[in-house]
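Asker: Here it is: the structure, laid out below.
The values are calculated or read from the model by the stated rules, or taken from the named source; none is laboratory data. What you are looking at is a predicted structure, and each value in this text was computed from that prediction instead of being measured. So basically every Cβ, Gly included, is an ideal-geometry build from the backbone, and we count neighbours across all protein chains shown.
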Amino acid sequence: MPKYVPNDSVEQLNEKMPTSSAADAVDAYGMKLQLVEGSTAAVTAALKSAVDR
């Protein structure tokens, strides 16, 4: 785990996570973003497009 995370393992992080999905996390943390679900291929294509710009 990175030093800025107050946990020693992923297991500890999983125990403390109050959410079960990305959509729940967006809501729980009040993130101002739109979650767009897509296939792995779609996400990879979007990432490549962003990197190419």
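Asker: Pull out all pairs, ordered by first then second residue, where Cβ-Cβ is under 8 Å, the residues are six or more apart or on different chains, the first lies in segment 33-47 and is of a type in the set (Gly, Ala, Ser), and the second is surrounded by 10 or more Cβ atoms within 10 Å (Cβ to Cβ) and part of a loop (DSSP other than H, G, I, E, B).
Answerer: Listed by first residue and then by second, the contacts come to Ala46/Gly38.
Asker: When the residues of segment 3-39 are filtered to those that are under 14 Å from the mean Cα position of the chain (by Cα) and of a type in the set (Ser, Thr, Tyr), which remaining residue is modelled with the lowest pLDDT?
Answerer: Only one residue tops the list, namely Thr19.
Asker: If I ask for residues that are among the small types (Gly, Ala, Ser) and in a helix (DSSP H, G or I), which ones from segment 24-53 would you list?
Answerer: To start, the set of residues in segment 24-53 that are among the small types (Gly, Ala, Ser) comprises 25, 28, 30, 38-39, 41-42, 45-46, 49-50.
Answer for segment 24-53, where residues must be among the small types (Gly, Ala, Ser) and in a helix (DSSP H, G or I): Ala25, Ala28, Ala41, Ala42, Ala45, Ala46, Ser49, Ala50.
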